[in-house]
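The values are calculated or read from the model by the stated rules, or taken from the named source; none is laboratory data. Predicted model only: the values in this text are computed from it and were never measured. With ideal geometry, Cβ positions are generated from the backbone for all residues, glycine too; neighbour counts draw on all protein chains shown. Note: accessible area is taken over every heavy atom of the protein model, side chains too, but ligands, DNA and RNA are not part of it. Shrake-Rupley method; radii C 1.70, N 1.55, O 1.52, S 1.80 Å.
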Amino acid sequence: MSALRFVALGDSLTEGVGDPVDGAWRGWAALLADGLSGGPVEFHNLAVSGARTRDVAERQCAPGLALRPDVVSVVAGVNDTLRGSFDIRTVAACLDEVCGAFAAQGAVLLTACLPDPGAMLGLPGLLGGPLARRQRAVNAVVHALSERYGAVHLHAHDEPWIAQRSMWSVDRLHPGERGHRQFAARFHALLAREGVATGPAPSTEPRLPPPTAAAGLRWMATAGTGWIVRRCTDLVPQLLRLAGEELHHRLRGTRVRLDRRAANAVGAALAALSPSPAPAPRGQVLLLPTGTNRTGVPGVACAAEARSAARTTAITG
């Protein structure tokens, strides 16, 4: 029996940051790989901490395609929102390029929309508002591309479980062990429903306790401030300008203009994409029923949201 091949692309979320095991990061993708098949699974994690969508397209896509995966996850975009160079057209073009390439190979594509980093960090509204608007734009693009390529999509933006503090690591930006287990279990449930995942579901029971509030304060006082400065150096001046704009529109009662402008930018980014070719037929084992909407987000809902808003592990089973 040939091994099912699973390739994971993305940033620190998929790399496994926040879920340390034996001196290395494990993460949701590795947990999911364990349950994809009752037989052998060949798992390749190409995700890199700090990667933006352009990095995924330029550095991870080609090596991933060369592996010819049966299942591939493409989860990225949060790091784009934390840069002064944020451009939703670039995000859309890069994600479209990656998703389209793997769909053309016939791989089952996994995607997810994520919560905005400002909310996770607890930023005040004037600073968090612009970041939330950016993340909504990224999520709207991901929804649209998930529909376009028939992806198995995990909606993890505003689900109740995602807001539970116990799901997140001490830095508040990466899932802890509980969060990674939830991501793995929920992806597995979606794949099992489609007949793709045939192995045991990942356990949601953690081995370690969640971080305490005191641990969070220690992290912020030591490593946290430096981490945020390094991640957001080019963002801070722009974020202050955006906060001023946010305050201006809030006082005038015209914040809807900011939402409308972001929605128009998403629409333009999606309109600029080339027509997608028909995806290659999948193998018999992974072929999903025709007519299945695997994203769980109808096309009308996607459009409405848009308008309103390398480790390699061989696993045997």
If a residue has to be in a strand (DSSP E or B), farther than 18 Å from residue 192 by Cβ and either out of contact with any strand residue (DSSP E or B) (no Cβ under 9 Å at 6 or more places or on another chain) or of a type in the set (A, V, I, L, M) (or both) to count, how many in the stretch 9-42 make the cut?
-> 4
Considering residues of the stretch 18-29 that are open to solvent by 20 Å² or more (accessible area, probe 1.4 Å) and among the aliphatic types (A, V, I, L, M) only, the residue farthest from residue 58 (Cα to Cα) | 21
Candidates 106, 118, 64, 84, filtered to the one that is in contact with a Leu (Cβ under 9 Å, 6 or more places away or on another chain) and at positive phi | 106
Hey, can you tell me all the residues within the stretch 123-143 that are part of a helix (DSSP H, G or I) and open to solvent by 30 Å² or more (accessible area, probe 1.4 Å)?
-> 125, 126, 127, 136
Do we find that residue 73 is open to solvent by less than 10 Å² (accessible area, probe 1.4 Å) and hydroxyl-bearing (Ser, Thr, Tyr) in this structure?
-> yes
What do you reckon, is residue 56 of a type in the set (Val, Ile, Thr), within 15 Å of the chain's Cα centre (by Cα), closer than 18 Å to residue 173 by Cα and surrounded by 21 or more Cβ atoms within 10 Å (Cβ to Cβ)?
-> no
Just give me the residues in the stretch 14-56 being at pLDDT below 95 and among the hydrophobic types (A, V, I, L, M, F, W, C), in sequence order.
-> 17, 21, 24, 25
Does residue 98 fit the bill of being farther than 20 Å from residue 173 by Cα, in contact with a Gly (Cβ under 7 Å, 6 or more places away or on another chain) and surrounded by 22 or more Cβ atoms within 10 Å (Cβ to Cβ)?
-> no
Output the residue which, of all residues in the stretch 43-53 that are among the polar types (S, T, N, Q) and outside any loop (DSSP other than H, G, I, E, B), is surrounded by the most Cβ atoms within 10 Å (Cβ to Cβ).
-> 53
Within the bounds of the stretch 84-94, is there any residue that is charged (D, E, K, R), open to solvent by 30 Å² or more (accessible area, probe 1.4 Å) and under 14 Å from the mean Cα position of the chain (by Cα)?
-> no
Kindly indicate the residue of the stretch 252-276 that is open to solvent by 90 Å² or more (accessible area, probe 1.4 Å) and farther than 19 Å from residue 132 by Cα and also modelled with the lowest pLDDT among those meeting that condition.
-> 275
The stretch 84-96 residues that are part of a loop (DSSP other than H, G, I, E, B), paired with ones that are surrounded by fewer than 23 Cβ atoms within 10 Å (Cβ to Cβ) and not basic (Lys, Arg) (beta carbon under 6 Å, 6 or more apart) | 84/234; 84/235; 84/238
Which condition number does residue 67 fail, the rest of (1) open to solvent by 10 Å² or more (accessible area, probe 1.4 Å); (2) over 12 Å from residue 5 (Cβ atoms); (3) in contact with an Asp or Glu (Cβ under 9 Å, 6 or more places away or on another chain) being met?
-> (2)
